[in-house]
Every structure is written in C-alpha cells, then in structure tokens.
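A short worksheet on the structure shown next.
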Amino acid sequence: MSTYPQRVRDNILPLSVGSTLPEAFEEWSFTERTEDHEQPIETCQLCEQEALRYHFEIRNSLTNKILWVGSQCILKFGLSVFESGRRLSESDTKKKLERLMQQMRLESCMRALEKLAIAEKNKILSNALLYYRKNKYLSPKFAFVVLWRLRSNKIDHSPSFFKINLKRDKYQNDLRGMSLGHVHTIWPALSSSQRDMAIRMGHSAPNAA
Ligand SMILES: [Zn+2]
C-alpha cells in the first residue's frame, strides 16, 4: 500500500507542470463547483480518502486538468480559493468552504421537502416548503410535521441539516408545550444550545439508541 504523501504525489504530479508538490499545488485552485453525493460514498481524487459526501472541484491553471477532492485537502495543501478575484486567507477559505457546505445542506433539505410536498398533497407541507425556502429555517411545529412526514414517507433526508428558529417567544412557547415524543422527533435538528433550552423547559433528551 502506498503511503499518503506518495498517493498525493502520484495523483497530482502527472496532471501538473511543476515537478515537486509545492510547485504543483501552486497551479491548482478551487473552481467554485461543488457536488453533494447525498451519501458518504465518494473518494477524494487527491489523497484517496473515502466516504466523502461533498466534492469540491479543483483545476490546474496550466494544464486545465480537474480533480474532485474533499474540502480537507483544499485546506491541508493550501490550494487557492478566490472570491471576487482575490485569493482568500486560510481562515477565509475555511469560512467559505463551510458556507458552501451549509448551502449544500440547505439544498438537500429543500429537495427532501419538494419530494414530500409531491408525495402528500397537504397544505401544511406546501406552506412549510415555501417558508423554508424564504427563511432557511422552520418553526418547531413546522419542523415536527416535516420530519415526521419525511420519515413516514421514507424520503431520504438528514434531520440534523434542518434549522429550527427558537428566537421568537412564540416558538419557545411552542417548544415548551410540545409532547416529549414531538420534541424527540425534532431533536436531531436542534443545536446544542437549543437542546439545553429544551432541557431547561423540562424536556429530556432521547435515550442514545
Ligand atoms: Zn483529500
């Protein structure tokens, strides 16, 4: 089995002009294209790490070759990421990649909601879809209906990707008044501070299955 740096070298040098890794890395930059494979089934074409869900495309500016890699490789090897023609610093690159990942999670939620709205002709669900598209979060009550119906319809989705808003008093009251079963349905979508809030309201965490 080849070692990790050797793998990286074998994958990138034949597609680059430079003959050393640092020279080669200089030629590559992120193209802004991303792909969500829905499941962790893909491989990084640079380091060969497996079980990736998200792919980021990089291109060599001299050879025009492309590779689909994991975000970690972009960070680890300091590959160029641009915004409005400006090369981003390491911390801004990290923020940008995280933002793109967030966007892909949102789109994945939207796709699940669209399938659900087609599967069940239901006013609440079509309203939830419009609401989520506009606000990028759900109220606790909407979240319960959406996650419950997604599960019942066996529509592939990641509950933790949905965002719930608890900033308004009304939403907090809704959460306070929810049955424990409903709270547990939306639990994966709650952030850790939102879970703390639910516990302060008297709810308990689901048992770790
Ligand atoms: Zn990689």
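The values are calculated or read from the model by the stated rules, or taken from the named source; none is laboratory data. Only a predicted model underlies this, so the values are computations on that prediction, with no experimental measurement involved. With ideal geometry, Cβ positions are generated from the backbone for all residues, glycine too; neighbour counts draw on all protein chains shown. Heavy atoms of the whole protein, side chains included, go into the accessibility calculation; ligands, DNA and RNA do not. Shrake-Rupley method; radii C 1.70, N 1.55, O 1.52, S 1.80 Å.
See the values below:
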| quantity | calculated |
| --- | --- |
| Count of residues meeting criterion [of a type in the set (G, A, S) and within 26 Å of the chain's Cα centre (by Cα)] in segment 161-198 | 5 |
| Counted residues, segment 140-179 - those being over 15 Å from R111 (Cβ atoms) and in contact (Cβ under 8 Å) with a residue 60 or more places away in the chain | 0 |
| Number of the condition not met by A112 [criteria: (1) away from the ligand (no atom under 16 Å from the Cβ); (2) free of Cβ contacts under 8 Å to residues at least 40 places away in the same chain; (3) open to solvent by less than 80 Å² (accessible area, probe 1.4 Å)] | (2) |
| Failed criterion for F30 (all others in (1) closer than 23 Å to K96 by Cα; (2) assigned to a loop (DSSP other than H, G, I, E, B); (3) open to solvent by less than 30 Å² (accessible area, probe 1.4 Å) hold) | (2) |
| Residue list for segment 38-66, filter: within 10 Å of the ligand (Cβ to nearest atom), more than 23 Å from E107 (Cβ to Cβ) and open to solvent by less than 30 Å² (accessible area, probe 1.4 Å) | L46, C47 |
| Selected residue [more than 21 Å from the chain's Cα centre (by Cα), within 13 Å of the ligand (Cβ to nearest atom) and surrounded by fewer than 16 Cβ atoms within 10 Å (Cβ to Cβ)] from P22, P5, P14 | P5 |
| Only listed residue being within 15 Å of the ligand (Cβ to nearest atom), open to solvent by 30 Å² or more (accessible area, probe 1.4 Å) and within 26 Å of N135 (Cα to Cα), chosen from E98, E35 | E35 |
